1. Expressed as a whole number of Å, what is the distance separating the alpha-carbon centroids of the range 103-152 and the range 261-331?
2. With the Cα gyration tensor of the range 100-153 giving a ≥ b ≥ c as the square roots of its eigenvalues, does the rule (a/c under 1.5 for rounded; else a/b larger than b/c for prolate; else oblate) give rounded, prolate or oblate?
3. Which percent of the accessible area of the range 183-234 is formed by carbon and sulfur heavy atoms (probe 1.4 angstrom)?
4. Would you mind counting up the charge near residue 48? Only other residues with Cβ under 13 Å from its Cβ, with Lys and Arg at +1 and Asp and Glu at -1.
5. Could you work out the helix-only [θ] at 222 nm for the chain, with each DSSP H run of four or more residues adding -39,500 (n - 2.57) and the total divided by the number of residues, to the nearest 500 deg cm²/dmol?
6. In whole Å, what are the extents of the range 343-391 along the principal axes defined by its C-alpha atoms, from largest to smallest?
7. Output needed: percent of Cα pairs per 10 Å distance bin for the range 83-240, bins running from 0 to the one holding the longest distance.
8. Give the residue from 205, 233, 265 lying farthest towards the positive end of the charge dipole for the range 204-299; charges sit on Cβ (+1 for Lys and Arg, -1 for Asp and Glu) and the dipole is referred to the Cα centre.
Amino acid sequence: MQEKNVNHGRAAILGLQHLLAMYSGAVAVPLLIGTALKFNSEQMTYLVSIDIFMCGLATFIQLARNKYFGIGLPVVLGCAIQAVEPLKMIGKQFTIGTMYGAIIVAGIFVFLISGYFSKIKKLFPPVVTGTLITVIGLTLIPIALQNIGGGDATAADFGNWKNLVTGFVTILIILIIQIWGKGFLSSIAVLIGLILGTLLAATMGMVSLQPIVEAAWFHVPQPFYFGAPHFEWSSSVTMIIISLVSMVESTGVFFALGNLLNKDITEDDLKHGYRAEGLAVVLGGIFNTFPYTTFSQNVGLLQLTGIKTKRPIYWSAVLLMVLGLLPKIGALATIIPTPVLGGAMLVMFAMISVQGIRMLIDVDFKDERNILIVAVSIGLGLGVSIYPTIFQNLPRTVQLFLGNGIVVASICSVGLNVCFKGKEGLDQEQITQKDERLMTVETK
């Protein structure tokens, strides 16, 4: 379905589907940090609603490519989950103002180094990119499964029959509509699955309307709502490191989107994408929300729906901003039970992995070096995702980098590719020319 065939009505529905796919991840960060810093109900309401508003604004900045920033791909931005623990630590050890000062510094840093960081494109040939995309999907799947069980693996009711029924029925609904649905109906399979899954959960007493009742009707973004920012060097360095981690993760998502759209991601594309994220992070600090990064879960939704245009994402950005200004309406999305979200996530995250595997099919596995690059990188990436505490005895700065399985897989795959292949591994054009020469010799 081309963009001209997606009218605004259908695009709005598809945008809502994208919104619901990322909503729980977006609100998780303010809830975790606000709870840790003992925010009162009024502060928490502001934090969640304005965070949703800023997710929409950040997405719009990334979508609307111009001379200076914006990658112009169908991406959705949300809060960087890897920032939660460092921000909690800064907020407790120093002040809330220090936390937001560090976010502003990190955003400026990302914006300034975007041109230099974009040079890493040559480090991502197909064997690296395919590995990274596969790891992105595989590391997200356990999160989906945990949500199907209820979200909290330590809870007494984790994996009870209600959770399992609603989660797996949601998966079944999505599959049925995706396979047997026609045209536009199949493209909103996830949305229908979420709605019908929620209705099923409501019959089991799993849906509460209390969040809607308690939410305010209207909110206005206020710069420095929690006070003026304070700048402290160690906090700023910590958030710069987290931003670098997010940039590496976003790089993988950008290449995943490029592969999905059959578009070559250039250094200029990366530079514009990094700048947009840097600007979004700065605005997050100014409006007292959080750092923003490209969400990988929405890539799976693009793959599943087959609609890869930007119009639905523009609608998603608009809807996020509206929901941020109208918390009572925004609270509607929070009543979707965790197992239902988990069911939808499982399908989407698995699709990301399949996309990576499809890329790896074109890699020459007769070359044992490629086998080792893929095997070791996926092994370490998944291992660290399951046991991030393996590095708990290393310096805190090192932990911030190595505690993320996607980042570990990136470092490992890039490092092994350079190590095994040298300059050859950085230049795919040279490899192609070399292969063509060999074929010519064999023919003769």
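The values are calculated or read from the model by the stated rules, or taken from the named source; none is laboratory data. Only a predicted model underlies this, so the values are computations on that prediction, with no experimental measurement involved. Because the Cβ atoms are built from the backbone with ideal geometry, glycine has one as well, and the counts that use them run over all protein chains shown. Quick note on the areas: whole protein, heavy atoms, side chains included, nothing else; ligands and nucleic acids left out. Shrake-Rupley method; radii C 1.70, N 1.55, O 1.52, S 1.80 Å.
1. Computed from Cα coordinates, the inter-centre distance equals 14 Å.
2. Numbers: a/c = 6.93, a/b = 1.34, b/c = 5.17.
Because a/c hits 1.5 or more and a/b fails to exceed b/c, the range 100-153 counts as oblate.
3. Percent of accessible area from carbon and sulfur atoms in the range 183-234: 71.
4. Values: positive: 328; negative: 42, 51, 214.
Combined, the nearby Lys, Arg, Asp and Glu give -2.
5. Computed ellipticity for the chain at 222 nm equals -23500 deg cm²/dmol.
6. Dimensions of the range 343-391 along the principal axes of its Cα atoms: 36, 31, 8 Å.
7. In order of increasing distance, the bins hold 9, 18, 23, 29, 20, 2 percent.
8. Value computed over the given set: 205.
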